[in-house]
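S.K.: I'd like to ask some things about the structure below.
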Amino acid sequence: MSSIILLVFVLLLPLASSQTFHWGPCPSPQVQPNFQVEKYLGKWYEIEKLPASFEKGTCIEANYSLRRDGTIRVLNSQFYKEKVSTAEGTAVVRDTRESAKLGVSFSYFTPYAPYWVLTTDYTSLSVVYSCTSFLHLFHIDYAWILSRSPSPSAATVLYAKELLVREGIDISRMKPTVQNC
């Protein structure tokens, strides 16, 4: 068993440098009560994030819209290597009792990853968290501070960071996203 764990660790080690890797299971932060997807739709600018291998550019945005089948179209864009690249995915509300716990997938071949809205006022700020645990031995997590504006106030960003810390999320590797494009 220990050789299997070592092998998994060695195989995932290259990912750890571009992700936020921690020992132990995922934390269980509180999510936005009475989350309303319809009010969340539209464009959000990424203000700060924990490292993510799939986000290396600048001017990162996410645009959410409702599809006819009730799923949510997710269109992410970023400026990287002198061009705009996009990724389209699907978000679903997994349990209507906790509608702020969405699942997001960017491929038919991958399972839905957690996309938990910890807080939002729908008009200026959203704090999102995602975490995947591997055998409860370690986890890789992501966190995003999003805003309807590319340049929210410093107080707004501080509030979001304090919320993440209160919920047990390590933000020591959090970095701002350049939005002056």
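Bear in mind these aren't lab numbers, they're just calculated from the coordinates by the rules spelled out. This is a predicted model, so every value here is computed, not measured. Because the Cβ atoms are built from the backbone with ideal geometry, glycine has one as well, and the counts that use them run over all protein chains shown.
S.K.: Given the DSSP H assignment, sum -39500 (n - 2.57) over each helix run of at least 4 residues in the chain and divide by its residue total; what's the result at 222 nm in deg cm²/dmol, nearest 500?
M.R.: -5500 deg cm²/dmol
S.K.: Efficiency by 1/(1 + (r/R0)^6): what FRET value for ARG68 and ARG148, r their Cβ-Cβ distance, R0 = 22 Å, to the nearest 0.05?
M.R.: The formula returns an efficiency of 0.30 here.
S.K.: What angle do you read, to the nearest 10 degrees and between 0 and 90, between the alpha-carbon axis of helix 2-16 and the longest principal axis of the chain?
M.R.: The two axes meet at around 30 degrees.
S.K.: Still on this model: Between LYS43 and SER133, take the C-beta separation as r, use R0 = 41 Å, and let me know the FRET efficiency to the nearest 0.05.
M.R.: It comes out at approximately 0.85.
S.K.: On to the next question. Using a simple charge model, +1 on the beta-carbon of Lys and Arg, -1 on the beta-carbon of Asp and Glu, nothing else, what dipole does the range 2-176 show about its Cα centre, in debye to the nearest 20?
M.R.: 240 debye
S.K.: Tell me which residues come under 5 Å, amide H to amide H, from THR119 once H is placed; ignore anything under 5 positions away on its chain.
M.R.: Amide H to amide H, under 5 Å and 5 or more residues apart or across chains, THR119 pairs with GLN32, VAL127.
S.K.: Also, quick follow-up: Which of THR86, SER126, PRO51 sits closest to the plus end of the dipole of the chain, meaning its Cα is farthest towards the positive end, when Lys and Arg get +1 and Asp and Glu get -1 on the C-beta?
M.R.: Sorting the options by dipole projection puts first THR86.
S.K.: May I pose another question? Using amide H atoms built in the peptide plane, which far-off residues or other-chain residues are under 5 Å from VAL178 H to H?
M.R.: CYS59
S.K.: Could you state the angle between the C-alpha long axis of helix 154-166 and the longest principal axis of the C-alpha atoms of the chain, as a value from 0 to 90 degrees rounded to the nearest 10?
M.R.: Roughly 40 degrees between the two axes.
S.K.: Arrange THR90, THR58 by Cβ neighbour counts within 10 Å, fewest through most, would you?
M.R.: Ascending Cβ contact count within 10 Å gives the list THR58, THR90.
S.K.: What does the charge count around GLU46 come to, taking other residues whose C-beta lies under 10 Å from its C-beta (Lys +1, Arg +1, Asp -1, Glu -1)?
M.R.: So the surrounding residues net to -2.
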